[in-house]
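Worksheet: one structure, shown below.
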Amino acid sequence: MADRVYSDRKVSYFERFSKLLDQYSEVLVVGADNVRSTQMHQIRRSLRGKGLLLMGKNTVMRKVLRLKMKTNPKLESLLYCVKENVGFVFVEEGSSLSEVRNICVAHKLAAPAKAGAISPCQVIVPKGPTGMEPTQTAFLQALNIATKINKGQIEIINDVTLLEEGDKVGSSEAALLQKLNMMPFSYGLTVRNCWEDGFSYDPKILDVTPEMVVEAFQTGIANIACVSLEVGIPTLPAVPHVLLNSYKNLLAVVLETDIVFKQAQAIKDRFENPDAFAAAAPAAAAESSDAAAPAAPAEEEEEESDEGLGGGLFGDDDDW
């Protein structure tokens, strides 16, 4: 049987895809449902110098990945991501996955709701005038939308949730949104998976900040310390709490007995002679007030010296 002959286009794509898999270690798997060709051009233009977008048929991409897996087993996790309408964004060296992800999802275009499509978001029809004629009231009543006639047009009384995320758009919902000139959906590339040197993970991990990591780490340390104190197993996070609790226990023993150690002497003295410390507090306050008092007599002396000089225009008021 003669070998199958592939077209030059497929051979070129095979070689290009193989070269990219050898060259890059960071890849974003993106979904391209309902994405227009103009959007793809804009995304490719924005990715210049930061990433490279490659689309293709799933069968061809799987074939290339299976052949490359013989020399690079790390590509196995990338093979399982080739489902439905997907493509690959190869991240250039010097750029981060989060940066390239933000560029990919930034290009979105509004689109009308078509019958049979799956709603990607919740659609709410706001209350207010619709611009529809009163003869179309029955159309809105069929969708259980409360309306009234105001100034010769139909007005919706309350906000109405027409579609929930994941609902299938019916013909009635699509017709209503078209009559209201609403374009509730927006389509663009969606990041489905992140692949980094053989590891595939959810793109939500890219949203994790250093502050979130520190907070989670502190929460884990606090939980370990709580468990350690409760079950009596010593751990490093529980050491400060153990020392503090031990000091409290020793202090309680000192206050109830005649045993004293240096670090507890001051506290024991306060409990044994509280009147002395209570009297020391007003004395300290009086000393601080006395230190500020000498400034006042100095001002009085200056006033007396001014009176001796005479306050007249010619310096001698007694002659007048």
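The values are calculated or read from the model by the stated rules, or taken from the named source; none is laboratory data. Predicted, not measured: the structure shown is a model, and the values here were computed from it. Reconstructed Cβ throughout: ideal geometry from the backbone, glycine too, with neighbour counts over all protein chains shown. Remember, those area values only see protein heavy atoms, side chains included, never the ligands or the DNA or RNA. Shrake-Rupley method; radii C 1.70, N 1.55, O 1.52, S 1.80 Å.
The residue that is surrounded by the most Cβ atoms within 10 Å (Cβ to Cβ), counting only those in the range 189-242 that are closer than 30 Å to Leu75 by Cα and polar (S, T, N, Q), is Asn193. State which residue is modelled with the highest pLDDT when the search covers only the range 133-153 and only residues that are open to solvent by less than 60 Å² (accessible area, probe 1.4 Å), closer than 15 Å to Ala175 by Cβ and within 42 Å of the chain's Cα centre (by Cα). Among those that are open to solvent by less than 60 Å² (accessible area, probe 1.4 Å), closer than 15 Å to Ala175 by Cβ and within 42 Å of the chain's Cα centre (by Cα), it is Ile145. For the range 103-116, a residue qualifies if it is aliphatic (A, V, I, L, M), surrounded by fewer than 17 Cβ atoms within 10 Å (Cβ to Cβ) and either closer than 19 Å to Leu143 by Cα or without any contact (Cβ under 8 Å) to a residue 24 or more places away in the chain (or both), and exactly one does: Ala115.
For the condition under 29 Å from Gln218 (Cβ atoms) and among the small types (Gly, Ala, Ser), Ala252 does not qualify. Filtering the range 257-271 to residues that are open to solvent by 70 Å² or more (accessible area, probe 1.4 Å) and either at pLDDT below 80 or within 53 Å of the chain's Cα centre (by Cα) (or both) leaves Lys262, Gln263, Gln265, Arg270, Phe271. Only one entry in Ser77, Ser96, Ser25 is farther than 16 Å from Leu189 by Cβ and more than 27 Å from the chain's Cα centre (by Cα), namely Ser77. With respect to the stated conditions, Arg44 fails to be closer than 22 Å to Gly94 by Cβ and assigned to a loop (DSSP other than H, G, I, E, B). Residues that are surrounded by 14 or more Cβ atoms within 10 Å (Cβ to Cβ), acidic (Asp, Glu) and part of a loop (DSSP other than H, G, I, E, B) do not occur anywhere in the range 13-32. The sole residue among Lys114, Lys50, Lys108 that is among the basic types (Lys, Arg), closer than 26 Å to Asp207 by Cβ and at pLDDT below 90 is Lys108. Residue check: Val191 meets all listed conditions (1) part of a loop (DSSP other than H, G, I, E, B); (2) under 30 Å from Ala111 (Cβ atoms); (3) touching a helix residue (DSSP H, G or I) at 6+ places or on another chain (Cβ under 7 Å) but one, namely (1). Residues that are part of a loop (DSSP other than H, G, I, E, B) and either among the hydroxyl-bearing types (Ser, Thr, Tyr) or open to solvent by 40 Å² or more (accessible area, probe 1.4 Å) (or both) within the range 154-188 comprise Ile157, Asn158, Asp159, Glu164, Glu165, Gly166, Asp167, Asn181, Met182, Met183, listed in sequence order. Per the listing Val86, Val91, Val125, Val100, the residue uniquely hydrophobic (A, V, I, L, M, F, W, C), open to solvent by less than 30 Å² (accessible area, probe 1.4 Å) and more than 28 Å from Asn193 (Cβ to Cβ) is Val125.
The set of residues from the range 39-62 being open to solvent by 40 Å² or more (accessible area, probe 1.4 Å) and touching a residue at least 24 places away in the same chain (Cβ under 8 Å) comprises Gln42, Ser46, Gly49, Lys50, Leu52, Met55.
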